[in-house]
Amino acid sequence: MKITKIDGLGDYGVYIDGVDFNHMTDDEWNRIGELHMDKLVTIIRDCNLSWKNQTDWVKKWGDTRHIHSFTMMKKYGGKEWKDLVQRALKGDETIDAKDREDVVLAYGMQQFTKDGKHVARVTGQKDEKGNPLGMFAEGELLWHSNEGGTLTFTPGVALLGGEGMTNSATGFVTTVNYYQDISEEFRSELDEMIIIHKFQEGVMTPGLRREQDLLIKNNMCPNDGTEVPLVIQSPAGIRGMHYPINTVYQIKGMSKEESDKVFKRINDELFTEKYIYDHWYQNDNDFLLFDNSICLHRRLGSTDNRMAYRVQHDYSNLQDDFWQPYFQKEFQDKYVEEITDFINTMGIEDFKLPKVA
């Protein structure tokens, strides 16, 4: 394997070339995972990984999880997500009609193997009836973090190129170097800020059809008014900003006008060439691994016939102990409560919960 630095992400970001998944050992894969946690964005170029095995490899680092699945399971009960999906597909009237629609729509955006493994499709392709086959089917995909307007967001994303990738790019901005570059005074102000999140249609996906936009709300910010600290630490303990501009709405204790002035300053200073890298695909089968806690991502270019496969995951198997993203005691306690409920509701076994005294 050859590891080289990505120009454009400051102290972070690496390419890895020469990876052979047919002969990869678990130890080698875990070393890549540890490097990735430290570098935040890792691009394995021109690799021989199939989407059929993508989830298996990702789950060696930590389990997959999605806020939409949790929200529906919490609301309607059941032991496994697949059981709730089957109920929705059969038109179970104990599930609200709108929720049935969302569950069925999400199910239709999954790619399945014969033995039931699945990944989410990210594609502009449609079926014979014109229905989208995956998430983010049309238009631009602007800066965002997945599940950004939730306290228990999933910290990692693994995106595997499938076909039609080479007329597009996946862009990244890490907030770490910006956070380090600003004045100590402004940094101290940011450290104290609590962001109030709200989903706003079209902010992240202008041009997307309405039913997909509503599904995105359930995946990005299901509950308007959720409060999340601005400055957090990544699973590797790197301090930066959790700043998903698709859901940030207001700063607690400030008026909307005052908040917008702060957001404009951050936007003007952060979203500049100094901190951005856009990965224009030279190969269809690049495997992009990126932090979802203190980084943002976007899509550029054409979606025509483009197909990629996405897995959201945590890093629990690579960590020695429970990951606590927040610094404020109030939010630390709330996170422990909510993530424990999440893990227990979804029946996730490979997750390091905090030790009980």
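Readers should treat all values here as calculations from the given coordinates under stated rules, not as data from a laboratory. What you see is a predicted model, and the numbers here were worked out from it, not measured in a lab. For neighbour counting, all protein chains shown are included, and Cβ atoms are generated from backbone atoms with ideal geometry for every residue, glycine included.
Reachable aspartates and glutamates from LYS252, Cα under 18 Å, same-chain residues fewer than 8 places away excluded?
Excluding near neighbours in sequence, the set is GLU189, ASP191, GLU192, ASP224, GLU227, ASP260, GLU330.
Longer than 26 Å from Cα to Cα, which of LYS129/LYS217; LYS90/LYS217; LYS2/LYS59; LYS256/LYS352 are they? Say none if no pair is. Working shown, then result.
On the way: LYS129/LYS217 24 Å; LYS90/LYS217 24 Å; LYS2/LYS59 24 Å; LYS256/LYS352 38 Å.
Going by Cα-Cα distance, LYS256/LYS352 fall outside the 26 Å limit.
Residue by residue through region 338-344, which ³J(HN,Hα) values in whole Hz follow from phi under the Karplus form 6.51 cos²θ - 1.76 cosθ + 1.60 (θ = phi - 60°), with glycine and proline marked x?
Values, residue by residue: 6, 6, 5, 4, 4, 5, 5 Hz.
Per residue of region 239-249, in order, report the coupling 6.51 cos²θ - 1.76 cosθ + 1.60 (Karplus, θ = phi - 60°) as ³J(HN,Hα) in whole Hz, putting x for Gly and Pro.
Those phi angles translate into 8, x, 10, 8, 9, x, 5, 6, 10, 5, 10 Hz.
Which residues does a label at LYS334 reach in region 150-176, if reach means a backbone N under 19 Å from a point 7 Å past the Cα toward the Cβ?
In region 150-176, the label zone of LYS334 (backbone N under 19 Å from the point 7 Å along Cα→Cβ) covers 150-155.
Residue separation times 0.36 nm, minus the C-alpha to C-alpha distance between ASP115 and ASP268: what's the value? Don't skip to the end; give the middle numbers.
Values: separation 153, 0.36 × 153 = 55.08 nm, distance 4.81 nm.
Stretched out fully, the ASP115 to ASP268 stretch lengthens by 50.3 nm.
How far apart, in nm, are two points set 7 Å out from the Cα along the Cα-to-Cβ line at ASP83 and at LYS256?
Rounded to a tenth, the inter-label distance reads 4.3 nm.
With label points built 7 Å along Cα→Cβ from the Cα atoms of ASN22 and GLU101, find their separation and express it in nm.
4.7
Could you work out [θ]222 nm for the chain from helices alone, using -39500 (n - 2.57) per DSSP H run of at least four and dividing by all its residues? Round to the nearest 500 deg cm²/dmol. Walk me through the numbers on the way to the answer.
Numbers: 10 runs with 112 residues, N = 357.
Only helices count here, giving -9500 deg cm²/dmol.
In square nanometres, what is one fourth of the surface area of the convex hull spanned by the alpha carbons of region 154-242?
On the way: hull surface 32.1 nm².
That works out to 8.0 nm².
Once both labels are modelled 7 Å past Cα along the beta-carbon direction, what's the THR345-MET193 spacing in nm?
Rounded to a tenth, the inter-label distance reads 2.9 nm.
Give the lysines reachable from LYS5 as a straight Cα distance under 20 Å; neighbours fewer than 8 places away on the same chain don't count.
Counting by Cα, and skipping residues close in sequence, LYS5 has these lysines nearby: LYS39, LYS274.
Among GLN250, GLN54, GLN180, which one moves the most in a GNM of the chain with springs linking Cα atoms closer than 10 Å?
GLN180
Could you pull out every residue, at least 5 positions away or on a different chain, whose amide H is within less than 5 Å of the one on GLY156? Hs are placed 1.01 Å off N in the peptide plane, and Pro or chain starts have none.
Hits under the 5 Å cutoff: ASN292, HIS313.
In whole Hz, with x marking every Gly and Pro, tabulate ³J(HN,Hα) for region 28-45 from phi via Karplus 6.51 cos²θ - 1.76 cosθ + 1.60, θ = phi - 60°.
For region 28-45, the Karplus curve yields 5, 5, 5, 5, 4, x, 5, 4, 4, 4, 6, 9, 6, 10, 10, 10, 8, 8 Hz.
Would you compute, for the Cα atoms of region 2-346, the largest minus smallest coordinate along each principal axis and list the three values in descending order, in whole Å?
Ordered largest first, region 2-346 gives principal extents of 56, 50, 41 Å.
Please give the FRET efficiency for ILE3 paired with ASN283, using the beta carbon to beta carbon distance and R0 = 22 Å, rounded to the nearest 0.05. Can you show the working numbers first?
Numbers: r = 17 Å, r/R0 = 0.79.
That gives a FRET efficiency of 0.80.
Report, ordered by chain and residue number, the aspartates and glutamates lying within cross-link reach of LYS52, taken as a straight Cα distance under 14 Å and ignoring same-chain residues fewer than 8 apart.
The qualifying aspartates and glutamates are ASP115.
Run through all the Cα pairs of region 247-296 and give the fraction in each 5 Å bin from 0, expressed as whole percent.
4, 15, 17, 18, 16, 12, 8, 5, 4, 1
Defining a contact as two alpha carbons under 8 Å apart and six or more residues distant in sequence, what relative contact order in percent does region 214-357 show? Before the final figure, lay out each step's value.
Working: 81 pairs, mean separation 40.4, N = 144.
Once normalised by length, the contact order is 28 percent.
Per residue, how big is the convex hull of region 2-81 when only Cα atoms are used? Give it in Å³.
132
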